[in-house]
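Any read-out appearing in this document is the output of simple, stated calculations on the displayed coordinates, not a laboratory observation. All figures in this text were calculated on a predicted structure; none of them were measured in a lab. Note that each Cβ is placed from the backbone with ideal geometry, even for glycine, and that neighbours are counted across all protein chains shown.
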Amino acid sequence: KSVLKMPIVDIHTHIYPPSYVDLLRSRKTVPYVRNFEDAPDSSRLIILPGEDDPSTPSTSRGRPIGAEYYDIKQKIAFMDQHKIDKSVISLANPWLDFLPASEAGDAARKINDDVNEICAGYPGRLYAFGTLPLSADADTIVKEVDRLSSLKYMRGVIMGTSGLGNGLDDTKLDPVWAAIEKAGQMIFLHPHYGLPKEVYGPRANEYGHVLPLALGFPLETTIAVSRMLLSGVWDRFTKLNVLLAHSGGTLPFLAGRIESCILHDGHLKKAGTRDNRRKVWDILKTNIYLDAVIYSEVGLGAAVAASGADRLLFGTDHPFFPPLEEDVEEWHSVNANYTAIAKVFDNDGRAKDVLGNNAVRILKLDE
Ligand code: 5CU
């Protein structure tokens, strides 16, 4: 009797292909890559808004960037090290959001072709989410969605929360949602912009990146998805599938409150949008998928309760969150996610689903 090995699939794992790093090196404003005078031998990746304010301590000025961000061999070595069989790689934030409209279409085609080519070097091990030229017009974006369907290793698109500039509740996005839905692609929704820095207070510089990454990112995702819900995106596009980064931000925990606030809102009642809509819980179990990048069984338990173990997919966020200590081979961040899965599912069949079977089934990684 043959014993089939269970695949482990990482669906949240980023890359900046060399052409994108060249683009960042050519820039002088965020996002960019630069060697600073106080450490001329190491490059730093400055991507988050305000990360290079003059008041920012040098240790909070972006993050060191090495080959792990752009050399696919390092990704494969990381996968081998952590027993990951397949990865669905995606361009990391801020994608192409910052490009002038006139450059975005060409840049998206180049980056997507490069990423597809990288995957072709490791058949069966690498797949990808493509990137969209969101600063261009809807027609250019839709063309790239359609073109992605012809690229062998592409399984969907990664996007941030800004949409065409006015967020994901903008009805001007409807042709884009329609094209993605028609193509049967998965949207991997990922934060980048966080919250206005004022909410972190005057002592924010003392806390490194903790507040923007631990709270700004998940709340940004939660707000973006809530705006999609409230504006009826999933009432108009009932088959639009969205994979939410970081186990949905705080959506699983707050879904009940969102639903209750809708039910108790007099404005929505009068406008007729309170009752005539799909419920948050329905969308969570029909259109939304969640990654399992939440580092603890408490958050993971909420994700399972909200969307179900059959909609949860393992991820690592590589190359972000490497161990800070030297000589550590296995990444704490990765092991925290493995441990949470083992604890929540007591290593039953659902653990195997979350670790890989779900991703293979949902993203068709055996084709
Ligand atoms: O450390 C960070 O800033 C990040 C980031 O920008 N994007 C991401 O996916 N994870 C961590």
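As a proxy for reagent exposure, Glu259, Glu51, Glu325 were ordered by neighbouring Cβ count within 10 angstrom, fewest first; the result is Glu325, Glu259, Glu51. Backbone amide hydrogens, once placed in the peptide plane, bring His318 within less than 5 Å of His14, excluding anything fewer than 5 places away on its chain. Taking amide H as placed 1.01 Å from N in the peptide plane, Ile89 has its amide H under 5 Å from the amide H of Tyr127, Ala128, Phe129, each at least 5 places away in sequence or on another chain.
Of Val293, Val233, Val115, the residue with the greatest mean-square motion in the GNM of the chain, using alpha carbon springs below 10 Å, is Val233. For region 85-138, trypsin sites (Lys or Arg not before Pro) meeting the loop criterion (DSSP other than H, G, I, E, B) and having at most 11 other Cβ atoms within 10 Å: none.
Derived scalar couplings between HN and Hα for region 322-328 equal x, x, 7, 6, 7, 6, 9 Hz in order, rounded to whole Hz, by the Karplus curve 6.51 cos²θ - 1.76 cosθ + 1.60 (θ = phi - 60°), x for Gly and Pro. Net charge in the neighbourhood of Ser162 (other residues with Cβ under 14 Å of its Cβ; Lys, Arg +1, Asp, Glu -1) is -2. In percent, rounded to a whole number, the relative contact order of the chain is 17, using alpha-carbon pairs under 8 Å and six or more apart. In the chain, Rg over Rh equals 0.95, where Rg is the alpha-carbon radius of gyration and Rh the Kirkwood radius from pairwise Cα distances.
Could you work out how far the C-alpha centroid of region 291-312 sits from that of region 3-76, in angstrom? What the calculation gives is 28 Å, centre to centre.
Annotation note: trypsin sites (Lys or Arg not before Pro) in region 216-278 located in DSSP loop regions with a Cβ neighbour count of at most 15 within 10 Å are Lys239, Arg274, Arg278. Placing +1 on each Lys and Arg Cβ and -1 on each Asp and Glu Cβ, with no other charges, gives region 139-180 a dipole about its Cα centre of roughly 280 debye. Note that region 74-88 has calculated 3J(HN,Hα) couplings of 5, 5, 5, 5, 4, 4, 4, 4, 9, 6, 9, 7, 9, 10, 9 Hz, one per residue in order, obtained from phi through the Karplus relation 6.51 cos²θ - 1.76 cosθ + 1.60 (θ = phi - 60°); glycine and proline are x. Local charge for Ala359 was computed over the other residues whose Cβ lies under 12 Å away, with Lys and Arg +1 and Asp and Glu -1, and equals 0. Residue by residue, region 206-211 carries 3J(HN,Hα) couplings of 6, 10, x, 9, 4, 5 Hz when phi is fed to the Karplus relation 6.51 cos²θ - 1.76 cosθ + 1.60 (θ = phi - 60°); x denotes Gly or Pro. Only helices enter the 222 nm calculation for the chain: every DSSP H run of n ≥ 4 contributes -39,500 (n - 2.57), and dividing by all residues gives -11000 deg cm²/dmol, rounded to 500.
Close amide H contacts of Asn241 (hydrogens built in the peptide plane, cut-off under 5 Å, sequence separation of 5 or more or a different chain): Ile187.
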